[in-house]
Amino acid sequence: MSNLPVIIGYGGINAAGRSSFDHAYRRLILDKLPESDLQSTLLGLATLMGEVQNHDGQLLDRDGVAVDPARLSDRFRPYLLNNTLIRRIHPDWYDIDKVTFNRAAKLELPADRRSFYLRKRQLPNQLPNDWKLTELDDGLIQVEIDEPLDTILPDSKRSSVRAAGQLPTGFKPGTLYQSRNHPRNLQMSIYSASDAINSMGIDWEQIRARLAPDQIAVYAGNSIGQLDDCGFGGLLKSPSIGKRTTSKQMPLGYGQMPADFVNAYLLGNLGATGSSLGACASFLYNLRTAVEDIRSGRRQLVLVGASDAPITEEIIEGFRAMGALAEEKALLALDDKQQLSDEDLRRTSRPFANNCGFTMGESSQFVVLCSDSLALEMGAQIFGSVPDVFVNADGYKKSISAPGVGNYITLAKSAALIRSMLGEESLRYRSYVQAHGTSTPQNRVTESHVLNQTAKAFNIPNWPVSALKCYVGHSQGTAGADQLTLSLGAWRYGYIPGIATMDQVADDVYDSNLRFEQQHLEVGPQGMDSVLLNSKGFGGNNASAAVLAPHITEKLLERRHGKKALDAYRERAEEVRQNAAEYDQEACAGLSKPTYLFGHNVLEGEDLQIDGSQISIPGYEQPVDLELENPFDDMC
């Protein structure tokens with residue numbers, strides 16, 4: 001009997017805002033929200049973005065003037081909406097009209113002026129053979145040369161990539177804790193993992209008291225590491241631009257650092273850890289590891305996540321050089337315009353429509369999974385469940401970037417699992433797809449064919465397809481996590497977000513059995529039993545996950561554990577929901593801070609008590625069991 005991996009908490013941050021309690025999802029369907037939820041989401045954005053601060057229980061604006069919560073929408077709504085989701089790249093990230101692009105040059109000096117002056121400390125370690133030095137007063141050196149001088153001239157250019165799915169303007173995760181020059185990606189990880197843990201409504205110490213250390217795991221990472229100046233980006237370019245390499249740039253650049261930071265500074269995790277890389281499918285790779293661990297009983301609770309911060313000059317230029325991004329010239333031609341307005345820049349990502357490239361996004365998301373038995377014992381909130389994740393490569397390829405056939409296998413297996421668990425009618429009429437939907441011409445053709453062929457194979461007549469990158473952009477390895485956390489809100493509010501930037505489905509899209517909607521599709525909170533998450537990663541990394549609705553998950557738990565156990569669970573869950581709601585209120589009011597425990601309860605080997613049967617660890621009530629069964633008893 002396999003344990004069912006149940007989602008009991010989730011949190012994070014992307015271009016739509018904070019993920020916990022569906023605030024980021026609410027940003028997508030803002031006009032469909034009841035007034036109370038609309039107000040709390042706008043308040044959460046206002047405090048997140050620094051437009052409103054909480055001082056001793058009173059809300060103040062940037063000028064210290066009191067803010068009436070009832071008038072918050074009237075005053076701040078336009079600003080909050082204009083500074084979230086995909087939009088013109090803000091100068092807080094970099095100046096798109098002055099992108100660094102230094103030029104190599106050969107200086108030819110006149111015969112009578114073949115000299116220049118330098119400070120002594122600026123002389124290169126290896127002097128060119130033709131340099132003649134004369135030391136002058138005040139530390140100056142006169143340099144005389146015979147040959148032309150190779151040099152680099154500071155320069156800049158106007159970027160042709162003008163938009164990205166940036167975190168809400170004004171949100172600075174590094175100011176919320178002692179970030180100590182951490183790369184932006186790791187700052188985001190601390191915030192997001194804290195948000196996910198707090199969203200559970202169960203104190204982490206209660207979980208540590210219940211579970212042995214090796215029954216917990218953290219699987220998280222990203223697709224390209226930390227490439228800003230505090231990570232690998234600074235490591236690679238600092239020597240070439242005359243800056244000093246720091247002691248942190250190398251270690252903090254590694255792709256598994258989001259997991260390492262959560263282990264060391266948030267949870268004190270002594271259980272399993274790791275990070276799987278699969279380009280755009282990286283989150284689903286880590287989710288698969290978590291699901292397999294819980295299903296097998298190897299772990300009881302897993303925090304799984306991803307975090308990517310790729311909106312830098314260098315990364316944008318790298319993807320632009322590949323021809324992957326939506327550039328100004330192509331967008332102007334697509335829309336037959338002479339100039340792109342700010343509103344045009346909000347529509348650069350157009351999955352399955354006439355498009356010209358994807359739009360970069362940044363995001364950090366974490367999800368808490370546990371076994372079905374543990375969820376019931378703790379009275380945990382149940383937001384859904386993940387019975388399996390399927391991963392397949394593409395086989396032989398002409399080009400490493402070209403799509404292949406692996407995604408047909410992953411999506412078909414996910415659909416087959418839904419059919420096996422919930423029946424053909426549920427799959428055909430009460431499931432939908434969160435497409436990878438990158439907004440490239442190639443993806444709209446190849447992925448739509450995968451989706452359409454799968455729908456045909458399973459006799460699905462009109463499969464709804466959502467593509468959330470039209471709102472938040474493509475966050476690389478975190479894209480699947482955006483799909484998951486932004487899908488959970490549909491089971492609370494009853495709307496599948498439409499592909500808002502689509503005027504019409506492109507002519508080359510396969511859609512005989514698919515349903516693409518520009519407007520939000522109202523299905524009701526229990527209208528869908530499942531959602532299939534799909535990722536098509538660069539290099540042939542394909543992954544698809546089956547996610548079951550909370551009402552379906554509870555039905556499955558009742559079949560396994562019985563009605564009496566579910567009734568008892570629901571009583572325990574009331575207190576947990578209240579605790580979680582209190583955290584949400586504090587977060588919206590700007591009162592909550594991420595957990596960051598630097599140097600907290602650090603253990604040494606001498607602190608452990610080890611005998612042949614167990615390891616006892618200070619601070620952990622449950623020991624690590626050493627009475628292991630022989631998995632190869634038929635051979636030994």
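The values are calculated or read from the model by the stated rules, or taken from the named source; none is laboratory data. Every value quoted in this text rests on a predicted model; they were computed, and no experiment measured them. Virtual Cβ from ideal backbone geometry, glycine too; neighbours counted across all protein chains shown. Just so you know, the surface numbers come from the protein's heavy atoms only, side chains and all, with ligands and any DNA or RNA stripped out. Shrake-Rupley method; radii C 1.70, N 1.55, O 1.52, S 1.80 Å.
Assorted remarks:
- Relative contact order (%) - criterion: Cα under 8 Å, at least six apart; region: the stretch 279-434: 25
- Förster-model FRET efficiency, 35 Å R0, Asp203 and Asn82, C-beta, rounded to 0.05: 0.35
- Under a model in which nothing but the beta-carbon of Lys, Arg (+1) and Asp, Glu (-1) is charged, the stretch 123-251 shows a dipole of about 920 debye around its Cα centre.
- For the stretch 296-358, averaging the sequence separation of C-alpha pairs within contact (under 8 Å, six or more residues apart) and dividing by the residue count gives a relative contact order of 32 percent.
- Approximating the spin labels as points 7 Å out from Cα along Cα→Cβ, the Leu133-to-Lys157 distance works out to 3.6 nm.
- Rounded to the nearest 0.05, the FRET efficiency derived from the C-beta distance between Phe101 and Met250 at R0 = 30 Å is 0.70.
- Length-normalised contact order of the chain in % [C-alpha pairs under 8 Å, at least 6 apart]: 20
- Reachable aspartates and glutamates, given that their alpha-carbon falls under 18 Å from the alpha-carbon of Lys337 and they are not under 8 places away in the same chain: Glu327, Glu328, Asp503
- Extended-chain gain in nm, criterion 0.36 nm per residue less alpha-carbon gap, Ser2 and Asp61: 16.0 nm
- Per-residue SASA entry for Cys636, accessible area with 1.4 Å probe, Å² rounded to 10: 130
- Loop-exposed trypsin sites (Lys or Arg not before Pro) per DSSP, neighbour cap 15 Cβ within 10 angstrom, longest uninterrupted part of the chain: 399-636
- Portion, in percent, of the accessible area of the stretch 1-127 that falls on carbon or sulfur, probe 1.4 Å: 47
- Computing FRET efficiency as 1/(1 + (r/R0)^6) for Ala581 and Asp507, where r is the C-beta to C-beta distance and R0 is 56 Å, gives about 0.70.
- Ranked order, His520, His55, His182 - accessible area, probe 1.4 Å, largest first: His55, His520, His182
- Relative packing of 303-312, 502-511, 523-532, which averages over residues the other C-beta atoms within 10 Å, highest first: 303-312, 523-532, 502-511
- Restricting the calculation to Cα atoms, the chain yields a radius of gyration followed by a Dmax of 26.8, 98 Å.
- Listed cross-link partners Lys329/Lys469; Lys536/Lys593; Lys106/Lys132 are compared with a 27 Å cut-off, the Cα-Cα value being larger for Lys536/Lys593.
- Fraction of the pair-distance distribution of the stretch 482-587 above 24 Å, Cα-Cα pairs, percent: 46
- Mean residue ellipticity, 222 nm, helices only, the chain: the sum of -39500 (n - 2.57) across DSSP H runs of n ≥ 4, divided by residue count and rounded to 500, is -9500 deg cm²/dmol.
- Backbone geometry of the stretch 109-120 corresponds, through the Karplus equation with coefficients 6.51, -1.76 and 1.60 at θ = phi - 60°, to 3J(HN,Hα) couplings of 9, x, 4, 8, 9, 7, 8, 8, 10, 9, 6, 4 Hz, x marking Gly and Pro.
- For Ala500, distant residues with modelled amide H under 5 Å away: none
- Linear extension gain, Lys398 paired with Asn601, 0.36 nm per residue minus alpha-carbon span: 67.8 nm
- The C-alpha atoms of the chain define a longest principal axis, and helix 550-561 lies at about 50 degrees to it.
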